[in-house]
Amino acid sequence: MTPAPAARSFDALIIGAGFSGLYQLLCLRDRLGLNVQVLEAGDGVGGTWYWNRYPGARCDSESHSYNYTFSKELFEEWEWSERYPEQPEIMRYLNHVADRFDLKRDICFGTRVVAARHDEAAGSWTVTTEAGEKLTAQFLITAVGCLSTANVPALPGLGDFAGRWYHTGQWPHEGVDFRGKRVGLVGTGSTGIQATPVIAEAAAHLTVFQRTPNYSVPAHNAPLTPEFRQWVRHNHAELRRIMQSTPNGHPFVIEDRSVWDVTAEQRQAIYEAAWAKGGLQFRAAFRDLLVDKEANDTAAAFLKDKIREIVKDPATAELLADIDHPYAAKRPPIDSDYFATFNRPNVTLADVRRAPIERITPAGIRTAAAEYPLDIIVFATGFDAMTGPLLRMNIEGRDGRALAEAWEAGPRNYLGLQVAGFPNLFTITGPGSPSVLCNMPVAIEQHVEWITDCIARLRADGLARIEPTEAAMDDWVTQVNDAAHATLLPQAHHSWYLGANVPGKPRVFMPYAGGMARYRAICDEVAAAGYPGFMRG
Ligand code: N01
């Protein structure tokens, strides 16, 4: 654990040292000259990538877009090795950034925040760490990520399991040896779909427990050619421009054609080409895939046919293809041989939608249909997304009002950035912002830069605090809802976007689905107009 800093009072405290926290530190410290401290629970930088070390962990954004773009020099000097960056390479990148800008000296590692309370009279926040230290600051900025609170299902008997169990988001740093082991993997989201082929290679036997079948498009990962790397290096400005102008922050443009503009044969050829290219770009084949259910059905049918083509056992293929939601209404996974893995003799698919998991026994998993003896259980069961990381920190605003109470019926804020009654608290990639619907570094850079400008303007105007009005929050919640319901996204009723994966969590569509470019324009307009909807004092 890094020793606690000598000074206990700061201009700003930042919680988290992932992509967001590192850049926020750089901006506030080096651009505004503030006295800043970052508090980080892990023993190193990296955020989500520090914890998610499961087999096959790799980013689904293409590597040349999964980095900061604020510095041309930084962009040009870093070279990724593969089309999609693997977890260790992302860790090397973030450590490179932290060292290049000398950020680690202002980060307190091994320091988990357990409470944060606003003191109205002092106009400051007091943050309490797990070790009982107290630190104060005028500004409190959460950079805790959207997917950092592991969701381990409350299955009866887990405590009695005689083998070892792990959640993918809290993976042991020393790794897990699957050799000769009977492994059960629960969950078929992006994580489970990435981990399945890798675990299957190593384990004696793998049983995948599938509740909700999922689409997946091949990633077609490969080493980057020297020509492509050179092209990336020479196109910093253009790539940045594209990523900042597209709805999802990726370096590709959504085709401006409808599914209905082409014949069935042409459509099939377009889908085949998109499948051959692979990756998240499949969604960009037509502009109406996420707004027109019948248009979406054509993509869904294509992808289900691919599953039936790949998976040899017809019964297994049908279970995998029995998908009940529109394509990309849940975050669409991409994979490396996920479906083909079910052709291996050492892999079994267990349908826990029809025969749910009843309990964990000392020997394994018991479903309503069968008993599966296991040595290791891997929970790829996702996260208490977006609100989970914020609410577990026990944040209390004015008059001791808990954020958990303010958000009892679901998150309410303005622009995903600030909550009424919680002055000078900023939530990077908070609920109500595009965040998880966007290539994350693009969303993060926009938030961090907006917050930095906001604080700079406040100080330049001789003011000390900012918070939104209730009316602005009401209006924003309506806009977030309207944006979601203009798409097919809410039709995936079991999605974590809706909080549906966590029992008891309010069903509210959390991210802003109106697109990153539109969101950026709204935020810019608010700043340019002198922050209407916020109270500054
Ligand atoms: O989690 P998920 P994830 N019994 O919530 C199942 C990002 N990510 O870790 O749908 C049985 O998507 C659950 O079933 P159901 C990405 O944004 C990014 O995979 O609730 N099953 C589901 O199948 C992604 O969306 C990258 O019916 C249970 C699975 O567990 C997000 O992280 C890579 C269960 C959870 O799927 C989360 O993905 C990987 C139970 N009790 C992930 N409880 C990048 O590339 C849950 N499930 C950056």
Cα centroid separation - the stretch 413-429 against the stretch 269-306, whole Å: 36 Å
Project the alpha carbons of the stretch 13-125 onto their principal axes and report the range along each, largest first, in whole Å. 52, 32, 21
Given the peptides 450-460, 15-25, arrange them by the average over their residues of other C-beta atoms within 10 Å, most packed first. 15-25, 450-460
Could you tell me the calculated FRET efficiency between E265 and A355, based on Cβ-Cβ distance and R0 = 51 angstrom, to the nearest 0.05? 0.80
Using alpha-carbon coordinates, inclination of helix 440-460 to the longest axis of the chain, degrees: 10 degrees
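Residue separation times 0.36 nm, minus the C-alpha to C-alpha distance between A471 and A276: what's the value? Write down the numbers at each step before the final one.
On the way: separation 195, 0.36 × 195 = 70.20 nm, distance 4.84 nm.
Once the chain is fully extended between A471 and A276, it gains 65.4 nm.
Going by the alpha-carbon gyration tensor, a ≥ b ≥ c the square roots of its eigenvalues, is the chain rounded (a/c under 1.5) or, if a/c is not under 1.5, prolate (a/b greater than b/c) versus oblate? Working shown, then result.
Numbers: a/c = 1.62, a/b = 1.36, b/c = 1.19.
Judged from the Cα gyration tensor, the chain comes out prolate (a/c at least 1.5, a/b above b/c).
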Pairs of lysine in the chain with Cα under 23 Å and at least 8 positions apart or on different chains: total? 12
Here the gain from full extension of H494 to D177, 0.36 nm per residue of separation minus their alpha-carbon distance, amounts to 110.9 nm
Could you tell me which of rounded, prolate or oblate describes the stretch 320-370, using a ≥ b ≥ c as the square roots of the eigenvalues of the alpha-carbon gyration tensor, with rounded for a/c under 1.5 and, failing that, prolate when a/b is larger than b/c and oblate otherwise? oblate
Put a dot 7 Å past each Cα toward the Cβ at A368 and E130; how far apart are the dots in nm? 3.8 nm
Pairing the Cα long axis of helix 190-202 with the longest principal axis of the chain, what angle in degrees results, from 0 to 90 and rounded to the nearest 10? 50 degrees
On C-alpha positions alone, give me the angle between the axis of helix 87-100 and the longest principal axis of the chain, in degrees, nearest 10. 20 degrees
The chain - share of DSSP beta bridges that are antiparallel (%, nearest 5): 40 percent
For W231 and D461, compute 0.36 nm times the residue count separating them, minus their Cα-Cα distance, and round to one decimal in nm. 78.5 nm
With the contact rule set at Cα under 8 Å and sequence spacing of 6 or more, what percent relative contact order holds for the chain? 19 percent
Peptides 474-483, 192-201: what's the order by average Cβ count within 10 Å, highest mean first? 192-201, 474-483
Arranged from highest to lowest average of other beta-carbon atoms within 10 Å per residue, in what order do the peptides 114-124, 50-60, 296-306 appear? 50-60, 296-306, 114-124
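Readers should treat all values here as calculations from the given coordinates under stated rules, not as data from a laboratory. Everything numeric here is computed off the predicted structure, so don't read it as measured data. Cβ coordinates were reconstructed from backbone atoms using ideal geometry, including for glycine residues, and neighbour counts include every protein chain displayed.
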